[in-house]
1. So, Asp35, is that one of a type in the set (D, E, K, R) and crowded, with 16+ Cβ neighbours inside 10 Å or not?
2. Take Ile210 and tell me if it is in a helix (DSSP H, G or I), in contact with a strand residue (DSSP E or B) (Cβ under 8 Å, 6 or more places away or on another chain), surrounded by 21 or more Cβ atoms within 10 Å (Cβ to Cβ) and touching a residue at least 60 places away in the same chain (Cβ under 8 Å).
3. What are the residues in segment 163-184 that are surrounded by 18 or more Cβ atoms within 10 Å (Cβ to Cβ) and not small (Gly, Ala, Ser), if any?
4. Are any of the residues in segment 36-45 under 17 Å from Ser205 (Cβ atoms) and in a loop (DSSP other than H, G, I, E, B)?
5. Looking at segment 144-159, which of its residues are surrounded by fewer than 21 Cβ atoms within 10 Å (Cβ to Cβ) and either under 17 Å from the mean Cα position of the chain (by Cα) or within 24 Å of Val34 (Cβ to Cβ) (or both)?
6. Hey, among Ala59, Ala54, Ala159, Ala106, which residue is of a type outside the set (Lys, Arg) and in contact with a Leu (Cβ under 9 Å, 6 or more places away or on another chain)?
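Bear in mind that the values in this text are calculations on the coordinates, not laboratory data. Values in this document were obtained by computation on a predicted structure and should not be read as measured data. Cβ placement follows ideal geometry from the backbone for every residue including glycine, while neighbour counts extend to all protein chains displayed.
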Amino acid sequence: MPHLIAPSVLSCDFANIQRDIEMINASEADWFHVDVMDGVFVPNISFGFPVIKAIKKHATKPLDVHLMIENPDHYIEDFAKSGADVLSVHYEACRHLHRTIQLIKANGMKAGVALNPHTTVSVLEDVIMDLDMVLIMSVNPGFGGQKFIQHTVTKVKQAKALIKKTGSTAIIEVDGGVNTAKGAELINAGADVLVAGSFVFNSDSPAQTIIDLKSL
């Protein structure tokens, strides 16, 4: 399939969030990427259910929600009710990962598992058949605008090999420090979805930057 682009609304102008949502609606982007941080799992706090519901109200494209939180099981039903279409939890935050994946799907969402930069792809071997998406972090989670970790390209190749070996239908998403140069490398390695935040919203023309990423 053609690769997907998911602009991260964490980097949008919160004083003009509806304007930026409408820009993404009108652009060639495929998803909205929504980062949820609790200040515990990562050293930052972002937004919660009211903001997600507000985004969902105006968004015409799926909400790809990335939970960087402890105890995600406690909130899965609430994220479904808030409008998440794809919900990714961190491997590092889930004591009973398979149960969490089942709970996400039981609430009508697609299930993703995110891996921190230090976590090997092999930890997903026993759940890869149950996943809709593998989210590979190419920066340490918690803040936007960080430098891309080059080893991510190798991890994408490893994830692609695992998916092919098992016959899984999971797709691969990469989040962190993505620009057109790194995006091309990632797509060649097997990535299916590129998340881009500051690279899109800090550019002179976010809509054109999305076109540039989409055309890689």
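1. yes
2. yes
3. Result: Ile163, Ile171, Ile172, Glu173, Val174, Asp175, Val178, Lys182.
4. no
5. Gly144, Gly145, Gln146, Lys147, Phe148, Ile149, Val153
6. Ala159
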